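Asks: Handing you this structure, nothing more for now.
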Amino acid sequence: MSAPDARLAEAVREISADMKQRRDRGTVASYIPELAQVDPGAFGLCVVDAQGNVAEGGDAAVPFSIQSISKVFTLTLALGMAGDRLWERVGREPSGSAFNSVVQLEYERGIPRNPFINAGAIAVTDLILAGHKPREALGEILRFMRFVSDDDTVSIDERVAASEQRTGFRNAALANYMKSFGVITNPVDFTLGVYFHHCAIAMSCRQLAMAGRFLAHGGRHPTTGHAVIGPQRARRINALMLTCGHYDGSGEFAYRVGLPGKSGVGGGVLAIVPGQASIAVWSPGLDASGNSHLGRVALQELSKRMGWSIFG
Ligand code: GLU
């Protein structure tokens, strides 16, 4: 592995140092009690470029709860299993409402707007489960995460999973509601169990940036050269990340950062620079839409300095 471009290394170093000392840090999520324990002062940033060089700063090696960022990977897996049949159960439009909105699901007769809001991700998880035992489906998801990140140590934080399982009443409501329309086909408890556990996967910025590489490089796993997915599918997942990856903050993220990205309530964001780089950032404090506040600020600065916006 050679060194990253000096300008990139410098930008990552300076942005990380700047973010560490900022006072406007947003609010750490508390609706999953275990997440409320996380230090709001943490900040990590990691960029993996097209040659596999790594530039990182701050707490880039500290694992955090990836939460909804896992939805990018479950969508990838589910598309591999079901292909376009997946779109019979889930839409592809931005939601313009909160990540856990119940009301929209009623208007739209149990079909979630997109695969990244909670209802959509639960429907995607149900597809992966497809009659298997929850343990097997979870094993499949974890194996996939380890493969794309090139790291066998990626694992699930059982305490976070248990914490969400105890308190995830809204997700249970969404799943039961979809079950009444036949959108969920497995026992609701099984589907929710797998969903809570994949959201509870813990990864560092470095592991996550490594895991995102196939989306930056036309679906290819850069180390082995194997096609994880085809180029068209990679393009489409990036399109969904751009339009739906930040819930009702997706427009603002596209406007300010100009990159496909997916956030999680653990404060992480995975962002893709097509053809160039995979980026992971982590700052636990969230904004009003449930997206990492300083994560977005850091990505905006990085994208500007490197000229990475896909809009030129
Ligand atoms: N596990 C979280 C939930 O279902 C994911 C939400 C998020 O990361 O935005 O509420």
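The values are calculated or read from the model by the stated rules, or taken from the named source; none is laboratory data. Please read all numbers here as calculations on a predicted model, not as lab measurements. Cβ sites come from the backbone with ideal geometry, for glycine too, and all protein chains shown count toward neighbours. Heads up: the accessible areas ignore ligands, DNA and RNA and are worked out on the full protein's heavy atoms, side chains in. Shrake-Rupley method; radii C 1.70, N 1.55, O 1.52, S 1.80 Å.
Asks: In the chain, carbon and sulfur make up what percent of the accessible area (probe 1.4 Å)? Don't jump to the answer; show the numbers that get you there.
Replies: Values: 6500 of 12740 Å².
The value for the chain is 51 percent carbon and sulfur by accessible area.
Asks: Just give me a number: lysine pairs in the chain, eight or more positions apart or cross-chain, with C-alpha atoms less than 24 Å apart.
Replies: Details: LYS20/LYS262; LYS20/LYS304; LYS71/LYS133; LYS71/LYS179; LYS71/LYS262; LYS133/LYS179; LYS262/LYS304.
Final tally of qualifying lysine pairs is 7.
Asks: Can you give the three extents of the C-alpha atoms in the stretch 14-127 along their principal axes, from longest to shortest, in whole Å?
Replies: 47, 37, 24
Asks: Ignoring ligands, DNA and RNA, how do THR243, THR125 rank by accessible area with a 1.4 Å probe, largest first? Let's see the in-between values first.
Replies: On the way: THR243 60, THR125 0 Å².
Descending order: THR243, THR125.
Asks: Per DSSP helix of 4 or more residues, -39500 (n - 2.57); summed, then divided by the residues of the chain. What does that give at 222 nm, rounded to the nearest 500? Numbers along the way, then the final one.
Replies: Numbers: 13 runs with 142 residues, N = 312.
For the chain, the value works out to -13500 deg cm²/dmol.
Asks: Could you give the radius of gyration (one decimal) and Dmax (whole number) of the Cα atoms in the chain, in Å?
Replies: When restricted to Cα atoms, the chain yields Rg and Dmax of 17.8, 55 Å.
Asks: Shifting gears a bit: If the elastic network links every pair of Cα atoms under 10 Å, which of SER180, SER70, SER292 fluctuates the most in the Gaussian network model of the chain?
Replies: SER180
Asks: Could I ask something else about it? Label points 7 Å out from Cα along the Cβ direction at ARG236 and ALA61: separation in nm?
Replies: Spacing of the two 7 Å Cα→Cβ label points: 4.0 nm.
Asks: While we're on this one: Running a GNM on the chain with Cα contacts under 10 Å, which residue among ALA29, ALA17, ALA42 ends up with the highest mean-square fluctuation?
Replies: Judging by the Gaussian network model, the answer is ALA17.
Asks: Another question, if that's okay. Multiplying the sequence separation of GLU252 and ALA173 by 0.36 nm and subtracting their Cα-Cα distance, what value in nm do you get?
Replies: Values: separation 79, 0.36 × 79 = 28.44 nm, distance 2.86 nm.
Residue separation times 0.36 nm, minus the Cα-Cα distance, leaves 25.6 nm.
Asks: Contour minus end-to-end for PHE311 and ASP24, with contour as 0.36 nm per residue of separation and end-to-end as the Cα-Cα distance?
Replies: Working: separation 287, 0.36 × 287 = 103.32 nm, distance 2.80 nm.
That pair, PHE311 and ASP24, stretches by 100.5 nm at full extension.
Asks: According to a simple spin-label model (label point 7 Å from Cα along Cα-to-Cβ), what is the distance in nm between ALA36 and ARG146?
Replies: 3.4 nm
Asks: Roll a 1.4 Å probe over the protein chains and send me the accessible area per residue for the stretch 1-153 in Å². Could the numbers behind the result be given before it?
Replies: Working: 7050 Å² over 153 residues.
Roughly 46 Å² per residue, with all protein chains present.
Asks: Using a basic spin-label model with each label point 7 Å from the Cα along Cα→Cβ, how many nm lie between TYR107 and ALA162?
Replies: Those two pseudo-labels are separated by 4.0 nm.
Asks: Also: Quick one: length gained pulling LYS133 to GLU14 fully straight, 0.36 nm per residue minus the C-alpha distance? Walk me through the intermediate numbers first.
Replies: Details: separation 119, 0.36 × 119 = 42.84 nm, distance 4.68 nm.
Stretched out fully, the LYS133 to GLU14 stretch lengthens by 38.2 nm.
Asks: Also, I was wondering about something else. How long are the three semi-axes of the equivalent ellipsoid of the stretch 139-214, in whole Å, if each is the root of 5 times an eigenvalue of the C-alpha gyration tensor, listed from largest down? Please list the in-between numbers first.
Replies: Values: eigenvalues 147, 40, 19 Å².
Working through the eigenvalues yields semi-axes of 27, 14, 10 Å.
Asks: While we're on this one: How high is the FRET efficiency between GLN276 and HIS226 when r is their beta carbon distance and R₀ equals 25 Å, given to the nearest 0.05?
Replies: Values: r = 20 Å, r/R0 = 0.81.
For GLN276 and HIS226, the calculated efficiency is 0.75.
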